[in-house]
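**Q** Supplied in structure tokens, the structure appears directly below.
The values are calculated or read from the model by the stated rules, or taken from the named source; none is laboratory data. This is a predicted model, so every value here is computed, not measured. Ideal geometry is used to build each Cβ from the backbone, glycine not excepted, and the neighbour counts take in all protein chains shown. Note: areas computed on protein heavy atoms with side chains; ligands, DNA, RNA excluded. Shrake-Rupley method; radii C 1.70, N 1.55, O 1.52, S 1.80 Å.
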Amino acid sequence: MRWHEPWRLSTRLIALSLFAAWLCTSVGGWVMRTQLHEVVLRSGERGLQDHTERLLAELQTSGTSALRNGALDQGAFGQIFSGWYWMVQQGEQTWRSRSLWDDTLNLNRAQPLPQRAGLSRLTDPHNEPILGQRTDLTLDGQAARLYVFVPLQEIESEWRRIDQILLLTQGGFLLAVIGWTIAQVQLGLAPLRRLQQALQAVHAGRSDTLSGDYGPDLAPIAHSMNDVLHRNAQVVARARHQAADLSHALKKPLAQLSLQAQDEHVPGPLLREQVQTMSDSIDRHLARFASGAGSKQVIDVVPVLQRVLTLMRQIHGERALQWEATLPPTLRWQGASSDLEEMAGNLLDNAGKWAHSRVHLQLHPQDKGWTLCVADDGPGLSPTQQETSIQRGRRFDEQVPGHGLGLAIVQDIAETYGGVLRLQVSPQGGLAAHLSLP
């Protein structure tokens, strides 16, 4: 993996968990190591203090005679180079324990221990570490200093043992954290892998939606993706329907032109009429292609409906219909203005073709969306006809101009937005189209 390549999510989670565990164990281990070293050192310090107090008591009782008669060389202080030493300095005079034999200790090389008054570290003639304590006293009426040393090797050995135990403990803990984190990441990312596999299935065409259980965290994402997939499928289906609508709209004029072209006596105005019909169909369907439900904007519904209603009054002006509208002051909707014009225009145009004298447009705001109702007083449709009227190209009266596509177009656009078109009998006895949109 090159340095500029992004890490996988599982790798980042494991690395972050391992770093956090290492940081905590390192800080905690260092604090514990410091405390345990302090305990061991304090124990050695108490032992050193006990020997110092015993030697002080002997000196205060016998004075310098205890230095000359060897009263202080008891036990380990009498064994040569045992690591247990004492030295007394009084003026230019220096006395040493028998354990030093004929050698001495270079007190100038003593290293004071931090935060330990009077304690220092030194090496004996055999280069072994020793721990020393200095005590001031009065010996035979004159000031003197007593230095007592004990072996530091056991203390340092105990320190090393503590360090090894802490290091092994930290290593074992980190290994356990790595194993646990890997298992946790694998288990935690399992829904994400299932989601990825479902997306691959959709991409390969084996499935249309993301199905499965992805847990409470990923379920909303899967639901949103399904909404996008469903919307894209509706847009594609709408484009196919629009292409079919255009083909259907051109089929009849082309057939008529084909027949009329064989007759040399067909007048020019009739041919131009058919050509103009096809041109109008092409323009109308191209406008529908350009509208699209993919670009959502917040628009004001009422002005759009008023413009469409004004246009319908002009188109059906020869019939002297009574156009009525019940609209709220304002209503906002997230969608394309051209789609709203297309749906409302088809419903009003259909009502204007079939109405005897009256068309009523009504807009009902609701908690989640709104409903547009277009009712007429025409002949209406039977329940069976209402079910089949939304089918593309379905017409019940060839005498009325049109291609039988208006209601199907409205249904296509409404489904793109998650809406629905329902047909009922109007209060005037004609047809009532209810368009509900979220």
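**Q** Would you mind getting the accessible area per residue of segment 60-112, heavy atoms of the protein chains only, 1.4 Å probe, in Å²? Before the final figure, lay out the partial values.
**A** Working: 3140 Å² over 53 residues.
That works out to 59 Å² per residue.
**Q** Work from the charge dipole of segment 35-186 (Cβ charges, +1 for Lys and Arg, -1 for Asp and Glu, about the Cα centre) and give the residue of A143, I165, Y85 farthest towards its positive end.
**A** In segment 35-186, that residue is I165.
**Q** Could you work out Rg/(2.2 N^0.38 Å) for segment 315-357, with Rg from alpha carbons only?
**A** Its radius of gyration relative to the 2.2 N^0.38 Å reference: 1.38.
**Q** Another question about this same structure. Skip the ligands, DNA and RNA, and give the accessible area per residue of segment 313-386 with a 1.4 Å probe, whole Å². Numbers along the way, then the final one.
**A** Values: 3650 Å² over 74 residues.
Value returned for segment 313-386: 49 Å² of accessible area per residue.
**Q** May I ask you to evaluate 6.51 cos²θ - 1.76 cosθ + 1.60, the Karplus curve with θ = phi - 60°, for each residue of segment 365-373 and list the ³J(HN,Hα) values in order in whole Hz, giving x for glycine and proline?
**A** So the Karplus estimates, Gly and Pro as x, are x, 10, 4, 10, x, 7, 10, 9, 10 Hz.
**Q** In whole Hz, with x marking every Gly and Pro, tabulate ³J(HN,Hα) for segment 63-80 from phi via Karplus 6.51 cos²θ - 1.76 cosθ + 1.60, θ = phi - 60°.
**A** Listing the rounded values in order: x, 5, 5, 5, 6, 7, 8, x, 5, 8, 8, 9, x, 5, 5, x, 8, 5 Hz.
**Q** On to the next question. Calculate one ³J(HN,Hα) per residue across segment 305-320 by plugging θ = phi - 60° into the Karplus curve 6.51 cos²θ - 1.76 cosθ + 1.60, and present them in order as whole Hz with x for glycine and proline.
**A** Once rounded to whole Hz, the list reads 5, 5, 5, 5, 5, 5, 5, 5, 4, 6, 5, 9, x, 5, 8, 6.
**Q** State the percentage of accessible surface on segment 53-161 attributable to carbon and sulfur atoms; use a 1.4 Å probe and exclude ligands, DNA and RNA.
**A** Roughly 41 percent, rounded to a whole number.
**Q** Filter the trypsin sites (Lys or Arg not before Pro) in segment 152-212 to those in DSSP coil with at most 12 other Cβ atoms within 10 Å of their Cβ, and list the result. Present the calculation step by step, with values, prior to reporting the outcome.
**A** On the way: sites: R160, R161, R193, R194, R206; in loops: R206.
Sparse-neighbourhood loop trypsin sites (Lys or Arg not before Pro): R206.
**Q** Between N106, T94, L41, whose Cα lies farthest towards the positive end of the dipole of segment 3-111 when Lys and Arg beta carbons carry +1 and Asp and Glu beta carbons carry -1, centred on the Cα centre?
**A** Projecting each Cα onto the dipole axis, the largest value belongs to L41.
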